Amino acid sequence: MKKILSILASGVAGMTIASSAMAEDWDMPMAYSATNFHSEKGVEFADKVRKYTNGKINITVHPGGSLFKGGEIKRAVQTGQAPIGERFMSAHANEVPLLGWDNLPFIATTYEDNDKLWAAAKDKVNAALSDLNLVALYTCPWPGQGFYFKKPVTSSSDTKGVKFRSYNTATATFAEELGMIPVQVEAAELSQALATGVAEAFISSGSTGYDRKVWEHLTHYYKVNAWLPRNYVMVNKGVWEALDDATKAGVQKAADETGAACSAKSAELASWYFEQLAKNGMKVEDAGPDFLKELQSIGSKMTADWLKTAGADGQAILDAYKAN
Ligand code: PCA
């Protein structure tokens, strides 16, 4: 009897090993807080992947930079330390200028136009990511970007010397053009930077201001809708290529559905975030005409600078976008 039981037990153990050898557990670092819509959609993506791959790929989401900090996620996925991860795409424009395609001021300021711009950029962006050993599964836009300050601002005469939290090289340049002093800080560390005075202004959507409860430190939000930058979920190219076709198709179906749902959620929440900022005591206003004019002229210069660094591919993206 004992013998039979032990044979049975080893049989069961053997089955477990066989099925777990087929299943893959993927840790997915994400940069933004667990309650942010990007992270919530990341969890939905993981659920869909489990479903569409019949449990073959089991993704565990680690939001808020808890597994790898935002600035480390791309490298972690490139090197295979994490098979999959999510990051703000234009943060990589310092390394590959083309990846700043979604950071061009006043070019695509609605969700619809932003989709068109992505359609124009997609093939070239994917080729650039492939060179980095990455495959993009889905992208998702943030709401439009505007400025947070702790005082009223009507023109660049009010911004001189202000310590400004930037999130990539383009926003650092923008700040410098306004006479501000940029310092790059991850969203996960933004509250602390504001509390300690490392930063006293920044550009972002209502979303990040809400997540970080910035009304505890700042007073004014100026809607500018300068651009709608994207996060993207990337997978290590080797990991991706090792999947069989049916599994790839399951993951891609999950990605396509999640990308569309995430974008819709972003659009749905955009004005809700502004309401929450106002409810918590912030003045939420359109940027005044003088300030806006200055921002637009800095914006044109930034697009021209981007075209210089992104070369013919950058120009082709803009041309294709404008032709549509
Ligand atoms: N929030 C992110 C990126 C863009 C946005 O709206 C941040 O501020 O880090």
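The values are calculated or read from the model by the stated rules, or taken from the named source; none is laboratory data. If you're wondering where the values come from, they're calculated on a predicted model, not measured in any experiment. As a convention, Cβ positions derive from the backbone with ideal geometry for all residues, glycine included, and neighbour counts pool all protein chains shown. Just so you know, the surface numbers come from the protein's heavy atoms only, side chains and all, with ligands and any DNA or RNA stripped out. Shrake-Rupley method; radii C 1.70, N 1.55, O 1.52, S 1.80 Å.
The rows are residues; the columns are (1) away from the ligand (no atom under 16 Å from the Cβ); (2) surrounded by 21 or more Cβ atoms within 10 Å (Cβ to Cβ).
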| residue | (1), (2) |
| --- | --- |
| Ala76 | yes, no |
| Thr79 | yes, no |
| Phe88 | no, yes |
| Pro97 | yes, yes |
| Trp101 | no, yes |
| Thr109 | no, no |
| Asn114 | no, yes |
| Pro141 | no, yes |
| Phe147 | no, yes |
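Of all residues in region 122-138, those being surrounded by fewer than 22 Cβ atoms within 10 Å (Cβ to Cβ) and either assigned to a helix (DSSP H, G or I) or within 16 Å of the ligand (Cβ to nearest atom) (or both) number 8.
Okay, residues lined up against (1) surrounded by 21 or more Cβ atoms within 10 Å (Cβ to Cβ); (2) of a type in the set (Gly, Ala, Ser); (3) on the phi < 0 side of the Ramachandran plot; (4) at pLDDT 95 or above:
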site: Leu178; (1), (2), (3), (4): yes, no, yes, yes
site: Ala242; (1), (2), (3), (4): no, yes, yes, yes
site: Val251; (1), (2), (3), (4): yes, no, yes, yes
site: Glu257; (1), (2), (3), (4): no, no, yes, yes
site: Ala261; (1), (2), (3), (4): no, yes, yes, yes
site: Ser271; (1), (2), (3), (4): no, yes, yes, yes
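Among residues of region 177-196 being within 13 Å of the ligand (Cβ to nearest atom) and assigned to a loop (DSSP other than H, G, I, E, B), the one that is farthest from Glu268 (Cα to Cα) is Val185. Taken over region 202-223, residues that are in contact with a helix residue (DSSP H, G or I) (Cβ under 6 Å, 6 or more places away or on another chain), assigned to a strand (DSSP E or B) and more than 13 Å from the ligand (Cβ to nearest atom) amount to 0.
From Ala226, Ala255, Ala199, which residue is part of a helix (DSSP H, G or I) and either in contact (Cβ under 8 Å) with a residue 24 or more places away in the chain or among the hydroxyl-bearing types (Ser, Thr, Tyr) (or both)? Outline the logic, then answer.
Values: Ala226 fails: part of a helix (DSSP H, G or I); Ala199 fails: part of a helix (DSSP H, G or I).
It is Ala255.
Please list, ordered by first then second residue, the pairs with beta carbon atoms under 6 Å, 6 or more apart or interchain, first in region 299-324 and under 18 Å from Ala226 (Cβ atoms) and in contact (Cβ under 8 Å) with a residue 12 or more places away in the chain, second open to solvent by less than 40 Å² (accessible area, probe 1.4 Å) and not in a helix (DSSP H, G or I). If the second residue must be open to solvent by less than 40 Å² (accessible area, probe 1.4 Å) and not in a helix (DSSP H, G or I), the pairs left are Gly299/Pro105; Met302/Pro105; Thr303/Leu104.
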